[in-house]
Amino acid sequence: MQTRIAVSDSDIDEVDDSAAITAVQSSRRDFLRRGVAAGGLFAATATTGVYGSSAVTAHTTAVPADADTPLEIPEWSRAPGAPTGGQPYGQPSAYEKKVIRHLRPNDKQYISSSTRTPIQELDGIITPNGLFYERHHGGVPEIDPAQHRLALHGLVDRPLLFTMDDLRRFPSESHIYFLECSGNPGYNVYGKTAAEANGLVSCAEWTGVPLRTVLAEAGVQAQAKWIVAEGADAAAMTRSIPIEKCLEDALLVYSQNGERLRPEQGYPLRLLLPGFEGNMSIKWLRRLHVTDKPAQSREETSKYTDPLPDGTARRFTFYMEAKSIITAPSGGQLVSKPGFNEIRGIAWSGHGKIVRVEVSVDDGKTWHEAQLQAPVLTRAITRFRYPWEWNGEATVIQSRATDETGYVQPTLEALVAVRGVNNTYHNNAITPWRVAANGEVTNARIKTG
(Lines give C-alpha, C1' and ligand atoms only; values in the text may rest on other atoms or scores of the structure.)
Protein backbone atom coordinates (compact mmCIF):
# COMPACT_ATOMS: atom_id res chain seq x y z
CA MET A 1 0.00 0.00 0.00
CA GLN A 2 1.24 3.49 -0.80
CA THR A 3 0.16 6.85 0.50
CA ARG A 4 0.70 10.59 0.12
CA ILE A 5 1.64 12.68 3.19
CA ALA A 6 2.94 16.16 3.96
CA VAL A 7 6.00 16.48 6.20
CA SER A 8 6.82 20.10 5.42
CA ASP A 9 5.86 22.64 2.78
CA SER A 10 6.55 20.12 0.01
CA ASP A 11 4.86 16.77 -0.41
CA ILE A 12 6.54 13.35 -0.49
CA ASP A 13 5.04 11.31 -3.29
CA GLU A 14 4.50 7.60 -3.47
CA VAL A 15 6.47 6.43 -0.40
CA ASP A 16 6.18 3.27 1.61
CA ASP A 17 4.12 3.50 4.87
CA SER A 18 6.95 2.53 7.20
CA ALA A 19 9.39 4.91 5.55
CA ALA A 20 6.82 7.70 5.69
CA ILE A 21 6.14 7.14 9.38
CA THR A 22 9.86 7.09 10.16
CA ALA A 23 10.32 10.33 8.21
CA VAL A 24 7.48 12.01 10.09
CA GLN A 25 8.77 10.93 13.51
CA SER A 26 12.30 12.05 12.66
CA SER A 27 11.05 15.44 11.45
CA ARG A 28 8.87 15.80 14.56
CA ARG A 29 11.80 15.06 16.88
CA ASP A 30 14.03 17.54 15.06
CA PHE A 31 11.28 20.17 15.17
CA LEU A 32 10.65 19.68 18.90
CA ARG A 33 14.35 19.73 19.70
CA ARG A 34 14.73 22.99 17.76
CA GLY A 35 11.63 24.33 19.55
CA VAL A 36 12.96 23.44 22.99
CA ALA A 37 16.29 25.08 22.17
CA ALA A 38 14.55 28.17 20.81
CA GLY A 39 12.25 28.23 23.80
CA GLY A 40 15.20 28.20 26.15
CA LEU A 41 16.74 31.08 24.23
CA PHE A 42 13.42 32.98 24.34
CA ALA A 43 13.03 32.37 28.07
CA ALA A 44 16.51 33.71 28.68
CA THR A 45 16.04 36.87 26.64
CA ALA A 46 12.32 37.58 26.42
CA THR A 47 12.18 40.16 29.19
CA THR A 48 15.19 42.14 28.06
CA GLY A 49 13.92 45.55 27.03
CA VAL A 50 10.30 44.83 28.02
CA TYR A 51 10.51 47.51 30.72
CA GLY A 52 12.06 50.24 28.59
CA SER A 53 15.74 50.63 29.37
CA SER A 54 15.82 47.86 31.97
CA ALA A 55 18.03 44.95 30.94
CA VAL A 56 16.65 42.03 32.91
CA THR A 57 17.18 38.35 32.13
CA ALA A 58 14.43 35.94 33.14
CA HIS A 59 15.48 32.31 33.53
CA THR A 60 12.89 29.66 32.87
CA THR A 61 11.83 27.48 35.80
CA ALA A 62 10.13 24.91 33.57
CA VAL A 63 11.43 21.32 33.58
CA PRO A 64 13.10 20.39 30.24
CA ALA A 65 10.85 18.10 28.20
CA ASP A 66 11.90 14.92 26.42
CA ALA A 67 10.75 15.37 22.84
CA ASP A 68 10.25 11.61 22.42
CA THR A 69 7.97 11.27 25.47
CA PRO A 70 4.28 12.02 24.84
CA LEU A 71 2.29 14.03 27.36
CA GLU A 72 0.48 11.89 29.91
CA ILE A 73 -3.29 11.89 29.49
CA PRO A 74 -4.72 13.20 32.80
CA GLU A 75 -7.87 11.81 34.42
CA TRP A 76 -9.98 14.83 33.42
CA SER A 77 -9.30 14.11 29.76
CA ARG A 78 -10.53 10.50 29.95
CA ALA A 79 -14.24 11.16 30.45
CA PRO A 80 -16.80 13.87 29.69
CA GLY A 81 -16.95 16.76 32.14
CA ALA A 82 -19.89 18.49 33.79
CA PRO A 83 -22.85 19.21 31.53
CA THR A 84 -23.65 22.66 30.21
CA GLY A 85 -26.09 24.44 32.49
CA GLY A 86 -25.13 22.37 35.50
CA GLN A 87 -24.89 25.61 37.48
CA PRO A 88 -27.50 28.25 36.56
CA TYR A 89 -25.12 30.93 37.89
CA GLY A 90 -21.45 30.33 37.12
CA GLN A 91 -19.03 29.66 39.97
CA PRO A 92 -15.22 29.82 40.23
CA SER A 93 -13.16 26.65 40.09
CA ALA A 94 -13.03 24.67 43.32
CA TYR A 95 -9.25 25.12 43.18
CA GLU A 96 -9.73 28.87 43.68
CA LYS A 97 -11.70 28.54 46.92
CA LYS A 98 -9.11 30.59 48.82
CA VAL A 99 -9.91 33.67 46.71
CA ILE A 100 -12.60 35.14 48.94
CA ARG A 101 -13.39 38.39 50.72
CA HIS A 102 -11.83 38.79 54.15
CA LEU A 103 -13.86 39.82 57.19
CA ARG A 104 -12.34 42.61 59.25
CA PRO A 105 -9.87 40.98 61.67
CA ASN A 106 -11.18 40.43 65.22
CA ASP A 107 -14.63 41.75 64.33
CA LYS A 108 -17.25 40.71 66.90
CA GLN A 109 -20.36 41.87 65.06
CA TYR A 110 -21.35 41.96 61.44
CA ILE A 111 -24.18 44.53 61.12
CA SER A 112 -21.81 47.51 60.94
CA SER A 113 -18.73 45.94 59.45
CA SER A 114 -16.73 45.34 56.30
CA THR A 115 -15.17 42.67 54.13
CA ARG A 116 -12.02 43.21 52.10
CA THR A 117 -11.19 42.40 48.49
CA PRO A 118 -8.32 39.86 48.13
CA ILE A 119 -6.33 42.28 45.98
CA GLN A 120 -3.23 40.06 46.16
CA GLU A 121 -5.10 37.29 44.31
CA LEU A 122 -6.50 39.34 41.42
CA ASP A 123 -5.32 40.37 37.96
CA GLY A 124 -6.44 43.22 35.72
CA ILE A 125 -8.36 46.25 36.95
CA ILE A 126 -11.92 44.91 37.26
CA THR A 127 -12.96 43.42 40.60
CA PRO A 128 -15.44 40.54 40.21
CA ASN A 129 -18.79 41.35 41.82
CA GLY A 130 -18.49 38.49 44.29
CA LEU A 131 -15.14 39.86 45.56
CA PHE A 132 -15.99 43.58 45.63
CA TYR A 133 -15.37 44.96 49.11
CA GLU A 134 -18.30 45.64 51.45
CA ARG A 135 -18.93 48.28 54.11
CA HIS A 136 -22.27 48.35 55.92
CA HIS A 137 -23.61 50.43 58.81
CA GLY A 138 -26.97 48.71 59.36
CA GLY A 139 -26.80 45.38 57.58
CA VAL A 140 -27.92 44.57 54.04
CA PRO A 141 -31.62 45.22 53.40
CA GLU A 142 -33.65 42.97 51.08
CA ILE A 143 -35.46 45.38 48.74
CA ASP A 144 -38.13 44.59 46.18
CA PRO A 145 -37.16 46.71 43.15
CA ALA A 146 -40.79 46.92 42.03
CA GLN A 147 -41.65 48.75 45.24
CA HIS A 148 -38.51 50.84 45.65
CA ARG A 149 -38.84 54.60 45.09
CA LEU A 150 -36.41 57.49 44.73
CA ALA A 151 -37.65 60.89 45.89
CA LEU A 152 -36.10 64.08 44.47
CA HIS A 153 -37.27 67.24 46.23
CA GLY A 154 -36.21 70.50 47.87
CA LEU A 155 -34.88 73.37 45.80
CA VAL A 156 -36.26 72.09 42.50
CA ASP A 157 -39.04 73.32 40.22
CA ARG A 158 -40.75 69.93 40.02
CA PRO A 159 -40.41 67.46 42.93
CA LEU A 160 -40.38 63.93 41.49
CA LEU A 161 -40.85 60.36 42.68
CA PHE A 162 -39.17 57.71 40.51
CA THR A 163 -39.71 53.98 40.18
CA MET A 164 -36.84 51.83 38.96
CA ASP A 165 -38.59 51.55 35.60
CA ASP A 166 -38.72 55.34 35.41
CA LEU A 167 -34.99 55.63 35.98
CA ARG A 168 -34.13 52.95 33.44
CA ARG A 169 -35.96 54.92 30.75
CA PHE A 170 -33.34 57.70 30.94
CA PRO A 171 -30.24 57.50 28.67
CA SER A 172 -27.59 55.43 30.47
CA GLU A 173 -23.80 55.51 30.62
CA SER A 174 -21.14 52.97 31.64
CA HIS A 175 -17.81 53.94 33.21
CA ILE A 176 -14.96 52.17 35.00
CA TYR A 177 -14.24 53.69 38.42
CA PHE A 178 -12.64 52.57 41.66
CA LEU A 179 -14.42 52.80 44.99
CA GLU A 180 -12.50 53.05 48.27
CA CYS A 181 -13.50 53.29 51.91
CA SER A 182 -11.83 56.27 53.58
CA GLY A 183 -10.89 53.94 56.45
CA ASN A 184 -8.63 51.93 54.14
CA PRO A 185 -6.73 51.44 56.42
CA GLY A 186 -6.76 53.26 59.74
CA TYR A 187 -3.54 54.86 60.91
CA ASN A 188 -2.82 52.10 63.43
CA VAL A 189 -3.95 49.13 61.34
CA TYR A 190 -1.13 47.18 59.72
CA GLY A 191 -2.53 44.18 57.88
CA LYS A 192 -0.55 41.00 57.44
CA THR A 193 -1.69 40.63 53.82
CA ALA A 194 -2.43 43.11 51.06
CA ALA A 195 -6.14 42.44 51.59
CA GLU A 196 -5.90 43.24 55.30
CA ALA A 197 -3.70 46.27 54.65
CA ASN A 198 -5.60 47.87 51.77
CA GLY A 199 -8.45 45.58 50.72
CA LEU A 200 -11.20 48.20 51.12
CA VAL A 201 -10.75 49.25 47.49
CA SER A 202 -12.24 47.72 44.36
CA CYS A 203 -12.90 48.72 40.76
CA ALA A 204 -15.86 48.02 38.48
CA GLU A 205 -17.73 49.06 35.38
CA TRP A 206 -20.78 50.95 36.59
CA THR A 207 -23.93 51.50 34.53
CA GLY A 208 -26.63 54.01 35.32
CA VAL A 209 -28.10 57.44 34.71
CA PRO A 210 -26.00 60.61 35.11
CA LEU A 211 -27.40 62.46 38.12
CA ARG A 212 -27.32 65.71 36.16
CA THR A 213 -29.86 64.21 33.71
CA VAL A 214 -32.37 63.55 36.49
CA LEU A 215 -31.71 66.94 38.08
CA ALA A 216 -32.42 68.62 34.76
CA GLU A 217 -35.76 66.82 34.67
CA ALA A 218 -36.65 68.30 38.07
CA GLY A 219 -35.20 71.76 37.40
CA VAL A 220 -32.59 72.73 40.00
CA GLN A 221 -33.03 76.21 41.42
CA ALA A 222 -30.24 78.81 41.50
CA GLN A 223 -29.81 78.79 45.29
CA ALA A 224 -29.07 75.03 45.38
CA LYS A 225 -25.59 74.30 46.77
CA TRP A 226 -25.83 70.77 48.18
CA ILE A 227 -27.75 67.53 47.70
CA VAL A 228 -28.37 65.40 50.76
CA ALA A 229 -28.50 61.71 49.79
CA GLU A 230 -30.20 59.14 52.02
CA GLY A 231 -30.17 55.34 51.90
CA ALA A 232 -32.97 52.87 52.66
CA ASP A 233 -30.88 50.77 55.06
CA ALA A 234 -31.56 50.57 58.79
CA ALA A 235 -28.83 53.16 59.40
CA ALA A 236 -30.54 55.63 57.01
CA MET A 237 -27.02 56.50 55.81
CA THR A 238 -27.00 60.21 54.96
CA ARG A 239 -24.31 62.31 53.29
CA SER A 240 -24.17 65.82 51.79
CA ILE A 241 -22.74 66.23 48.28
CA PRO A 242 -21.65 69.52 46.70
CA ILE A 243 -23.88 70.43 43.76
CA GLU A 244 -20.78 70.75 41.53
CA LYS A 245 -20.01 67.03 41.95
CA CYS A 246 -23.63 66.11 41.27
CA LEU A 247 -23.47 67.98 37.96
CA GLU A 248 -20.02 66.63 37.03
CA ASP A 249 -19.83 62.82 36.97
CA ALA A 250 -22.19 61.45 39.66
CA LEU A 251 -24.21 58.41 38.57
CA LEU A 252 -27.44 56.79 39.72
CA VAL A 253 -26.23 53.21 39.34
CA TYR A 254 -28.30 50.08 38.87
CA SER A 255 -25.75 47.72 37.28
CA GLN A 256 -22.19 46.67 38.07
CA ASN A 257 -19.92 44.74 35.72
CA GLY A 258 -22.80 44.06 33.36
CA GLU A 259 -25.33 42.68 35.85
CA ARG A 260 -27.70 44.24 38.34
CA LEU A 261 -26.13 45.45 41.58
CA ARG A 262 -25.62 42.83 44.29
CA PRO A 263 -27.65 43.45 47.48
CA GLU A 264 -24.44 44.29 49.40
CA GLN A 265 -23.63 46.92 46.75
CA GLY A 266 -26.93 48.77 47.06
CA TYR A 267 -29.47 46.83 44.98
CA PRO A 268 -31.54 48.08 43.31
CA LEU A 269 -30.06 51.62 43.23
CA ARG A 270 -27.00 53.40 44.57
CA LEU A 271 -25.28 56.71 44.12
CA LEU A 272 -21.76 56.56 42.66
CA LEU A 273 -19.40 59.52 43.18
CA PRO A 274 -16.16 58.78 41.28
CA GLY A 275 -13.05 59.57 43.31
CA PHE A 276 -14.94 60.48 46.51
CA GLU A 277 -14.70 58.47 49.72
CA GLY A 278 -16.88 55.36 49.48
CA ASN A 279 -19.18 56.32 52.34
CA MET A 280 -20.64 59.07 50.15
CA SER A 281 -21.73 56.71 47.36
CA ILE A 282 -24.97 56.00 49.19
CA LYS A 283 -26.33 52.48 48.72
CA TRP A 284 -30.03 51.57 48.52
CA LEU A 285 -30.62 55.20 47.53
CA ARG A 286 -34.13 56.43 48.39
CA ARG A 287 -33.95 60.22 48.68
CA LEU A 288 -32.16 63.21 47.16
CA HIS A 289 -32.88 66.47 48.99
CA VAL A 290 -31.62 69.57 47.15
CA THR A 291 -30.64 72.26 49.70
CA ASP A 292 -28.53 75.38 50.20
CA LYS A 293 -26.42 73.88 53.03
CA PRO A 294 -25.03 70.50 54.14
CA ALA A 295 -27.04 68.27 56.49
CA GLN A 296 -24.27 68.05 59.15
CA SER A 297 -25.17 64.38 59.57
CA ARG A 298 -23.41 61.97 61.92
CA GLU A 299 -21.32 60.63 59.04
CA GLU A 300 -19.87 64.08 58.25
CA THR A 301 -19.37 65.42 61.77
CA SER A 302 -18.40 62.85 64.40
CA LYS A 303 -17.43 60.34 61.71
CA TYR A 304 -15.46 60.60 58.46
CA THR A 305 -13.57 63.65 59.70
CA ASP A 306 -9.89 63.90 60.59
CA PRO A 307 -8.99 65.33 64.03
CA LEU A 308 -5.71 67.23 63.98
CA PRO A 309 -3.08 67.72 66.71
CA ASP A 310 -4.06 71.38 67.24
CA GLY A 311 -7.63 70.47 68.20
CA THR A 312 -9.23 71.32 64.85
CA ALA A 313 -10.50 68.79 62.34
CA ARG A 314 -10.45 68.28 58.60
CA ARG A 315 -14.04 68.07 57.38
CA PHE A 316 -15.59 67.39 53.99
CA THR A 317 -12.37 65.76 52.79
CA PHE A 318 -14.15 64.10 49.90
CA TYR A 319 -11.41 63.07 47.48
CA MET A 320 -9.34 59.93 47.95
CA GLU A 321 -5.70 60.86 47.38
CA ALA A 322 -3.18 59.04 45.18
CA LYS A 323 -2.26 55.63 46.51
CA SER A 324 -0.56 52.40 45.50
CA ILE A 325 0.35 49.03 46.94
CA ILE A 326 2.51 46.13 45.80
CA THR A 327 0.31 43.04 45.61
CA ALA A 328 3.00 40.55 44.53
CA PRO A 329 5.13 39.78 46.33
CA SER A 330 3.20 40.90 49.40
CA GLY A 331 2.42 39.84 52.95
CA GLY A 332 1.83 36.13 53.41
CA GLN A 333 3.48 35.24 50.10
CA LEU A 334 6.88 33.68 49.41
CA VAL A 335 9.58 34.71 46.96
CA SER A 336 10.59 31.19 45.95
CA LYS A 337 14.16 31.84 44.80
CA PRO A 338 16.67 34.59 43.98
CA GLY A 339 16.81 35.95 40.45
CA PHE A 340 14.09 37.49 38.34
CA ASN A 341 10.83 38.21 40.16
CA GLU A 342 8.28 40.59 38.67
CA ILE A 343 6.89 43.08 41.19
CA ARG A 344 3.21 43.81 40.52
CA GLY A 345 0.70 46.14 42.11
CA ILE A 346 -2.17 48.59 41.76
CA ALA A 347 -2.47 52.38 41.99
CA TRP A 348 -5.39 54.82 41.98
CA SER A 349 -6.34 58.44 42.66
CA GLY A 350 -9.60 60.26 43.20
CA HIS A 351 -8.17 63.28 41.40
CA GLY A 352 -7.78 61.60 38.01
CA LYS A 353 -5.26 59.42 36.22
CA ILE A 354 -2.14 57.83 37.63
CA VAL A 355 0.85 59.12 35.66
CA ARG A 356 3.73 57.43 37.47
CA VAL A 357 4.45 54.63 39.94
CA GLU A 358 7.90 54.22 41.43
CA VAL A 359 9.23 51.13 43.15
CA SER A 360 11.99 50.85 45.73
CA VAL A 361 13.67 47.50 46.47
CA ASP A 362 16.14 48.84 49.04
CA ASP A 363 13.87 50.26 51.78
CA GLY A 364 13.36 53.62 50.09
CA LYS A 365 17.01 54.49 49.44
CA THR A 366 16.52 54.55 45.68
CA TRP A 367 13.42 54.62 43.46
CA HIS A 368 12.81 53.22 39.97
CA GLU A 369 9.94 53.93 37.60
CA ALA A 370 7.57 51.03 37.05
CA GLN A 371 5.66 50.32 33.86
CA LEU A 372 1.96 51.22 33.87
CA GLN A 373 -0.23 48.58 32.29
CA ALA A 374 -2.95 49.75 29.87
CA PRO A 375 -5.64 50.88 30.19
CA VAL A 376 -4.81 53.90 32.35
CA LEU A 377 -8.19 55.49 33.13
CA THR A 378 -9.27 58.44 35.23
CA ARG A 379 -10.38 57.53 38.75
CA ALA A 380 -9.84 53.83 38.08
CA ILE A 381 -7.36 51.27 39.34
CA THR A 382 -4.15 51.14 37.29
CA ARG A 383 -1.85 48.12 37.24
CA PHE A 384 1.93 48.50 37.41
CA ARG A 385 4.87 46.11 37.15
CA TYR A 386 8.60 46.28 37.71
CA PRO A 387 11.38 43.75 36.86
CA TRP A 388 13.31 42.84 39.99
CA GLU A 389 16.47 40.76 40.26
CA TRP A 390 16.45 39.62 43.89
CA ASN A 391 19.92 38.81 45.24
CA GLY A 392 18.58 36.63 48.05
CA GLU A 393 19.29 39.14 50.82
CA ALA A 394 16.68 40.57 53.22
CA THR A 395 15.23 43.86 52.05
CA VAL A 396 12.10 46.05 52.03
CA ILE A 397 10.10 46.73 48.87
CA GLN A 398 7.52 49.47 48.44
CA SER A 399 5.75 51.64 45.83
CA ARG A 400 4.58 55.23 45.55
CA ALA A 401 2.13 56.74 43.06
CA THR A 402 1.91 60.15 41.40
CA ASP A 403 -1.35 61.38 39.88
CA GLU A 404 -1.98 63.89 37.09
CA THR A 405 -2.16 66.79 39.55
CA GLY A 406 1.47 66.13 40.52
CA TYR A 407 0.57 64.82 43.98
CA VAL A 408 3.00 62.15 45.24
CA GLN A 409 1.94 59.40 47.67
CA PRO A 410 3.58 60.10 51.06
CA THR A 411 5.17 57.94 53.71
CA LEU A 412 3.24 57.24 56.91
CA GLU A 413 5.76 59.32 58.82
CA ALA A 414 5.03 62.35 56.61
CA LEU A 415 1.27 61.98 57.15
CA VAL A 416 1.58 61.57 60.90
CA ALA A 417 3.80 64.65 61.12
CA VAL A 418 0.92 66.73 59.75
CA ARG A 419 -2.18 64.92 61.06
CA GLY A 420 -1.06 63.21 64.24
CA VAL A 421 -1.96 59.69 65.31
CA ASN A 422 -5.63 60.06 66.27
CA ASN A 423 -7.01 59.65 62.77
CA THR A 424 -9.13 56.79 61.47
CA TYR A 425 -9.61 57.95 57.89
CA HIS A 426 -7.75 59.02 54.73
CA ASN A 427 -4.51 57.13 55.25
CA ASN A 428 -2.96 56.89 51.79
CA ALA A 429 0.57 56.20 53.02
CA ILE A 430 3.11 53.91 51.38
CA THR A 431 2.83 50.23 52.41
CA PRO A 432 6.28 48.61 52.83
CA TRP A 433 6.80 44.84 52.60
CA ARG A 434 9.77 43.10 54.24
CA VAL A 435 11.32 40.26 52.24
CA ALA A 436 13.34 37.95 54.49
CA ALA A 437 16.39 36.03 53.31
CA ASN A 438 14.26 32.88 53.14
CA GLY A 439 11.78 34.66 50.84
CA GLU A 440 8.96 35.13 53.36
CA VAL A 441 7.12 38.44 52.92
CA THR A 442 5.61 40.38 55.85
CA ASN A 443 4.34 43.87 56.56
CA ALA A 444 7.41 45.93 57.43
CA ARG A 445 5.36 47.99 59.90
CA ILE A 446 4.58 44.95 62.05
CA LYS A 447 7.34 44.38 64.58
CA THR A 448 8.66 40.82 64.76
CA GLY A 449 10.73 38.94 67.27
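The values are calculated or read from the model by the stated rules, or taken from the named source; none is laboratory data. What you see is a predicted model; the values in this text were computed from it and never measured. Heads up, the Cβs are rebuilt from the backbone with ideal geometry, glycines too, and the neighbour counts pull from every protein chain shown. When the accessible area is computed, the model is the full protein with side chains, heavy atoms only, and any ligands, DNA or RNA have been set aside. Shrake-Rupley method; radii C 1.70, N 1.55, O 1.52, S 1.80 Å.
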> What tally of residues in segment 328-347 results from selecting those that are out of contact with any Lys or Arg (no Cβ under 6 Å at 6 or more places or on another chain), of a type outside the set (A, V, I, L, M) and buried (at least 19 other Cβ atoms within 10 Å of the Cβ)?
Replying inline: 4
> How do the strands (runs of 3 or more DSSP E) wholly within segment 332-449 filter down when requiring 2 or more residues that are among the hydroxyl-bearing types (Ser, Thr, Tyr): which remain?
Replying inline: 382-390, 395-403
> Residues in segment 199-218: is at least one closer than 16 Å to Trp284 by Cα, of a type in the set (Ser, Thr, Tyr) and part of a strand (DSSP E or B)?
Replying inline: yes
> Among Gly138, Gly124, Gly154, which is the only one that is of a type in the set (Gly, Ala, Ser) and in contact with an Asp or Glu (Cβ under 7 Å, 6 or more places away or on another chain)?
Replying inline: Gly138
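Look through Arg116, Arg149, Arg135 and report the one residue that is closer than 26 Å to Val99 by Cα, open to solvent by 30 Å² or more (accessible area, probe 1.4 Å), in contact (Cβ under 8 Å) with a residue 40 or more places away in the chain and touching a strand residue (DSSP E or B) at 6+ places or on another chain (Cβ under 8 Å).
Values: Arg116 fails: open to solvent by 30 Å² or more (accessible area, probe 1.4 Å); Arg149 fails: closer than 26 Å to Val99 by Cα.
Within the list Arg116, Arg149, Arg135, the selection yields Arg135.
Yes/no per residue for (1) of a type in the set (Asp, Glu); (2) touching a Ser or Thr at 6+ places or on another chain (Cβ under 6 Å); (3) more than 25 Å from His137 (Cβ to Cβ):
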residue	(1), (2), (3)
Arg212	no, no, yes
Gln223	no, no, yes
Ala234	no, no, no
Glu244	yes, no, yes
Glu248	yes, no, yes
Val253	no, no, no
> What are the pairs, 6+ residues apart or on separate chains, where a residue within segment 349-370 that is of a type in the set (Lys, Arg) has its Cβ under 7 Å from a residue that is at pLDDT 95 or above and open to solvent by 70 Å² or more (accessible area, probe 1.4 Å)?
Replying inline: Lys353/Glu404; Arg356/Glu369
> Restricting attention to segment 405-415, does a residue exist that is more than 25 Å from Ala380 (Cα to Cα), buried (at least 17 other Cβ atoms within 10 Å of the Cβ) and touching a residue at least 12 places away in the same chain (Cβ under 8 Å)?
Replying inline: no
